[in-house]
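Inspection log for the structure reproduced underneath, given as structure tokens.
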Amino acid sequence: MTDINFQRAALQLLRDCQSAGLTHLPPPSESLAVPAPSEVLQAAPETIPENVHEQDISNETLEAVVNTTPENTLPPENRVAALAALSASVSQCERCQELAETRTQAVFGVGNPDAKVMFIGEAPGADEDKQGEPFVGRAGQLLTKIIEACGWTREEIYICNILRCRPPDNRNPTDEEANNCREYLDGQISIIEPDYIVCWGSVAAKNLLNQETPIGRMRGKFFEYGRAKVICTYHPSYLLRNPAAKKPVWEDMKLLLNDMGLTPP
Ligand code: URA
């Protein structure tokens with residue numbers, strides 16, 4: 001790796017750790033090895049070690065990650081480390097050659113590692129590719145308004161995409177790209193264990209739930225993915241082009257809020 005690539009990878013790793021909620025790094029004597037995502041996700045211990053602290057980002061911590069039974073969920077400090085490890089793998093990912101060659105950086109995901117609600121979009125666009133954060137462009141600004149209309153902040157929920165790299169010219173993700181990235185998406189879902197997932201747009205709905213049904217017929221009801229209840233609704237980019245679709249989206253948000261026992265503002 002050239003110096004500049006090394007520098008870029010190191011910066012990306014730090015950014016990913018930060019956006020995964022990491023606030024401390026271990027002293028230099030402890031190594032911060034980056035396991036493959038499959039290692040991160042498969043190294044599910046019988047029980048989560050009790051002596052793991054946020055500052056302790058050792059290999060042991062990185063491996064002590066996923067246990068998805070409701071009785072034994074990951075404590076917050078392990079979620080942060082697990083997301084940071086997965087994010088570090090994603091930043092090095094070259095599974096989709098074209099995307100790896102054309103991206104500025106991978107866009108892992110952002111938000112609360114303990115979120116009850118996870119939002120899944122399609123793929124990063126130009127703004128997201130530049131800034132390394134999902135949904136920061138025009139569609140993202142509209143999404144932020146929807147989040148606030150629900151009475152939340154962006155920091156309270158978790159936001160990611162079907163793909164972690166921008167497809168050139170914002171073309172739709174191919175099935176192969178979505179399959180390549182699925183391990184990362186499922187990893188994020190396993191670590192965060194959200195109660196609810198919102199699929200924004202047909203690409204998210206189709207890929208997560210393996211359905212070909214048009215989004216207009218998927219909205220307005222709940223699906224299941226693992227232990228999460230899933231709502232599918234129109235993508236914010238579609239709302240920018242078709243403002244009349246904001247009404248059904250707000251109905252979907254009210255359905256979600258009501259099911260969560262929250263009163264829509
Ligand atoms: N559209 C998406 O689906 N995801 C983003 O992150 C930005 C725009």
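Numerical summary
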| quantity | calculated |
| --- | --- |
| Residue pairs meeting the criteria (Cβ under 6 Å; at least 6 apart or on separate chains; first within 14 Å of the ligand (Cβ to nearest atom), in segment 191-207; second modelled with pLDDT of 95 or more and assigned to a helix (DSSP H, G or I)) | CYS199/ALA205; CYS199/LEU208; SER202/ILE215; ALA205/ILE215; ALA205/MET218; ASN207/ALA178 |
| Output for segment 104-120, where each listed residue is buried (at least 20 other Cβ atoms within 10 Å of the Cβ) and either farther than 20 Å from ALA205 by Cα or within 8 Å of the ligand (Cβ to nearest atom) (or both) | GLN105, ALA106, VAL107, GLY111, ASN112, PRO113 |
| Given (1) in contact (Cβ under 8 Å) with a residue 12 or more places away in the chain; (2) among the polar types (S, T, N, Q); (3) open to solvent by 20 Å² or more (accessible area, probe 1.4 Å), index of the condition SER89 fails | (3) |
| Residue within segment 82-89 that is in a loop (DSSP other than H, G, I, E, B) and either more than 16 Å from the ligand (Cβ to nearest atom) or hydrophobic (A, V, I, L, M, F, W, C) (or both) present | no |
| Check on ALA123, within 16 Å of the ligand (Cβ to nearest atom), assigned to a loop (DSSP other than H, G, I, E, B) and at negative phi | yes |
| Cβ pairs under 6 Å, 6+ apart, first in segment 127-150 and within 21 Å of ASP169 (Cβ to Cβ), second within 10 Å of the ligand (Cβ to nearest atom) and charged (D, E, K, R) | ASP129/ARG166; PRO134/GLU128; VAL136/ASP127; VAL136/GLU128; GLY137/ASP127 |
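Residue by residue, here is whether (1) open to solvent by less than 40 Å² (accessible area, probe 1.4 Å); (2) within 12 Å of the ligand (Cβ to nearest atom); (3) not in a loop (DSSP other than H, G, I, E, B) holds:
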position	(1), (2), (3)
LYS130	no, yes, yes
ALA139	yes, yes, yes
GLU155	no, no, yes
CYS165	yes, yes, no
ASP169	no, no, yes
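The values are calculated or read from the model by the stated rules, or taken from the named source; none is laboratory data. This is a predicted model, so every value here is computed, not measured. All Cβ positions, glycine included, derive from the backbone under ideal geometry; neighbour counts span all protein chains shown. Surface areas here come from the heavy atoms of the whole protein model, side chains and all, with no ligands, DNA or RNA. Shrake-Rupley method; radii C 1.70, N 1.55, O 1.52, S 1.80 Å.
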